[in-house]
Amino acid sequence: MADFFEEYGTLLAENTGITLYMVFASTLIAYVIGIPMGIGLVVTAKDGLHPNRIVYRILDVTVNIIRSIPFLILLILIMPLTKVIVGKTYGPSATVVPLVMSAAPFIARMVESSLLEVDHGVIEAAQSMGANDRVIVFKVMMKEARTSLITGATIALATILGYSAMAGTVGGGGLGNVAIQYGYYRYQTPVMIATVVLLVAMVQIMQAAGMKLGKALDHRTSG
Amino acid sequence: MNGRQRMAPAKGDDGMMNGMGTETEKMTETEENVMIHIDHLGKVFETADNRVEALDDVTLDIMKGDIFGIIGMSGAGKSTLVRCLNFLEKPSAGDVIVEGRSLKSMTPAELRKQRTRMSMIFQSFNLLQQRTVLDNVCFPLEINKVPRKKAREKAMELLGEVGLSDKAGNYPSQLSGGQQQRVAIARALASDPVILLCDEATSALDPRTTGEILDLLKKINETHHITIVIITHAMSVVTEICNRVAIIDSGKVAETGEVLEVFNNPRTEAAIRLVMSSGDREVSRISGEHLIRAVFSENSSYEPVIANMVLRFGQPVNIMRADTRDIGGTAKGEMVLQLPGDEGVREQMKAYLIERGLAVNELSSMKELEERYDG
């Protein structure tokens, strides 16, 4: 056991760091894109604050198209774009591009569904007070939907973690890369198991932390 | 209590003091006292395969200082009507004139500004669940960019007024329905409105809490000089605090007037049905021929009118229902009688009752009424 850690400890630690970098960087950027898209979907929907069929259709179709492309194919498909943005098509930073591309529409849908959960009566009350759309979106909808948004972010993180491991197998770096390079090509099963354990542990921690945070910030139930 | 009823509004009411100047002086007194003029309002909801006319040519005047009840059965269009009053719902036809200004011709920004002068409370309270009670009351002030410290002071003051100072730090989910509605009322008052719109504000509350909320609304009407519009399906709410009422039936105004007047002499089917319902008791339990409804006022209840009438005509009458109500502070007795078959005696009995100061309405159409509503 000690031998194992001596031999692979640094490698695993390093690549855990790389995986975390890819996951958090892409989640963050994907949210920067996904939140406005999600808000756009809610606001321009038929019963939204500012119904706009054209804008809604464009957002809706874009999200659906990107979401229906399998991640691995998207990764390869947008390599030219990745090269333009990052300068190369391999490595952790290059992986962030397809991760963002793939996660942003997914996040947009989750933001949309969280915002749609907000009680219409509360929005109506805010309108009756003379609140403008900006206030309604940011001070009413986003705040009332806070717990649901955090739960959504937890799911997004776990999904992106899974994608990042997938990206690792085709030169993306991180734990997925370790698993394929050492565990698969060199038949070193213990390394494979170690990467799986690390990935599972990361998902568990993110999940637990996300749920706990969401619950702590929720005042809908008494107590 | 009659002070409110005609509140003579307005001579000396703040609205007038703002010196609207020569223009208003030319207007007649009634026009000056109108707070909300609902002008030929219509609203049609259209879906792909359906067209619902929710409001049809509704015209009403709500005076300054009124507690104006808008009552109707569910589906009559009253919720749509109240949403048209602040243009949460854009009417398909007509206009709403508030304090002399047409809402239809306002820009979105002007409309938002106008809405801060006409607050609204709801059946389901609609408080922000993720904000404390204090922050909920601060919310309209935040919208109006009132500095935080000042907003908090004002919110605390209003919470004191509705009796919830000790709940400032709590979240809505920790409060009872009645307390939540009090918070909603405090929040509605924060922007110093001149009008308060209440959409079935007591429908989710038990009778005792309803009474407390109505008392609070009455107090607000008097102390803040706020005109209150109450949408309800319960006649008891109207008789308890409203001075004027409009009865809405199938999107139209069936009847409008002083509450006492409408209660004594309902003229339309919708009015009769609403006037006679109280709480869960439905009028449909009463059926038969030759029915009349007699309303006593305070003084007539001293004399045993019905007993004397029976003795005098020597013919029995059947008392189908008897009830007393408090209408704007006046005790009212209400009775449904089945008169004898002889038409001559019936007419004499009616005359006898009217002579003694009772209001008498024929309920001969009751059978048709039931068929129409129950069928």
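Other protein chain C-beta atoms within 10 Å of residue C-beta, averaged over A:130-136: 5. Counting Cβ atoms of other protein chains within 10 Å of each Cβ in B:127-136 and taking the mean gives 4. Tell me whether region B:2-268 comes out rounded, prolate or oblate; compute the Cα gyration tensor, take square roots of the eigenvalues as a ≥ b ≥ c, and use a/c under 1.5 as the rounded threshold. Taking the square roots of the gyration eigenvalues as a ≥ b ≥ c, region B:2-268 is rounded.
What the Cα atoms of the protein assembly as shown give is an Rg and a Dmax of 33.2, 116 Å. Straight-line cross-link partners of A:Lys212 among the aspartates and glutamates, defined as a Cα under 18 Å from its Cα and at least 8 positions apart when in the same chain: A:Glu144. Rounded to the nearest 20, the Cβ-based charge dipole of region B:176-256 about its Cα centre (Lys and Arg +1, Asp and Glu -1) stands at 140 debye. Simple spin-label estimate for B:Ala322 and A:Lys88 gives 9.9 nm between the two label positions (7 Å along the Cα-to-Cβ direction from each Cα). Taking amide H atoms as placed 1.01 Å from N in the peptide plane, the amide H of B:Leu196 lies under 5 Å from those of B:Thr227, B:Ile228, B:Val229, each 5 or more residues away in sequence or on another chain. Listed by chain and number, the lysines whose C-alpha is less than 17 Å from the C-alpha of B:Lys43, apart from same-chain residues fewer than 8 away, are B:Lys78, B:Lys90, B:Lys104, B:Lys252. Label sites at A:Lys215 and A:Ala201, each approximated as a point 7 angstrom past Cα along Cα to Cβ, lie 2.3 nm apart. Here the protein assembly as shown is treated with +1 on each Lys and Arg Cβ and -1 on each Asp and Glu Cβ, and its dipole about the Cα centre works out to around 2160 debye. Considering all C-alpha pairs of region A:54-182, those separated by over 18 Å amount to 63%.
Inter-label distance, B:Arg148 to B:Thr330: 5.4 nm, where each label sits 7 Å from its Cα along the C-beta direction. Positive-end ranking of A:Ala153, A:Ala103, A:Gly176 along the dipole of region A:101-223, with charges on Cβ about the Cα centre, is headed by A:Gly176.
If R0 is taken as 45 Å, the Cβ-Cβ distance between B:Val52 and A:Phe24 corresponds to a FRET efficiency of 0.30.
Remark: region A:2-216 carries a charge dipole of roughly 440 debye about the Cα centre, counting +1 on each Lys and Arg Cβ and -1 on each Asp and Glu Cβ. Pairwise Cα distances in region A:2-216 exceed 25 Å in 47 percent of cases. Viscosity 0.890 mPa s, temperature 25 °C: give me the Stokes-Einstein translational D for region B:122-212 in µm²/s, with Rh taken as the Kirkwood radius over C-alpha pairs. D = 187 µm²/s. Across region A:195-223, the residues whose backbone nitrogen lies under 11 Å from the label position 7 Å along the beta-carbon direction of B:Gln174 are A:222-223. Rounded to the nearest 0.05, the FRET efficiency derived from the C-beta distance between A:Ile66 and B:Phe45 at R0 = 51 Å is 0.90. Counting Cβ atoms of other protein chains within 10 Å of each Cβ in B:86-93 and taking the mean gives 1.
Net charge in the neighbourhood of B:Asp199 (other residues with Cβ under 9 Å of its Cβ; Lys, Arg +1, Asp, Glu -1) is +1. Counting only other residues whose beta carbon sits under 12 Å from that of B:Ser119, what net charge do I get with K and R as +1, D and E as -1? For residues surrounding B:Ser119, the net value is +1. The region of chain A that goes longest without hitting one of the chymotrypsin sites (Phe, Trp or Tyr not before Pro) in a DSSP loop, each with at most 14 other Cβ atoms within 10 Å, is A:1-184. Our note on the geometry: Cα centres of region A:1-66 and region A:101-116, 8 Å apart. In terms of surrounding Cβ atoms within a 10 Å radius of their Cβ, B:Glu240, B:Glu142 rank from fewest to most as B:Glu142, B:Glu240.
Loop-located trypsin sites (Lys or Arg not before Pro) across region B:58-165 with a Cβ neighbour count of 10 or fewer within 10 Å are B:Lys145, with loop assigned by DSSP. Taking the centroid of alpha carbons for each part, region B:132-210 and region B:44-109 are 25 Å apart. Positive contributions from Lys and Arg (+1) and negative ones from Asp and Glu (-1), summed over other residues with Cβ under 9 Å from the Cβ of B:Asp326, come out at +1. Amide H contacts for B:Met320 (H built 1.01 Å from N in the peptide plane; partners 5 or more residues away or on another chain; cut-off under 5 Å): B:Val336, B:Leu337, B:Gln338. Label zone (B:Glu261, point 7 Å along Cα-to-C-beta; backbone nitrogen cut-off 16 Å) within region B:226-246: B:242-246.
Each value in this text was obtained by applying a stated rule to the coordinates, not by laboratory testing. Please read all numbers here as calculations on a predicted model, not as lab measurements. Here Cβ is always computed from backbone atoms with ideal geometry, including for glycine, and neighbour counts include all displayed protein chains.
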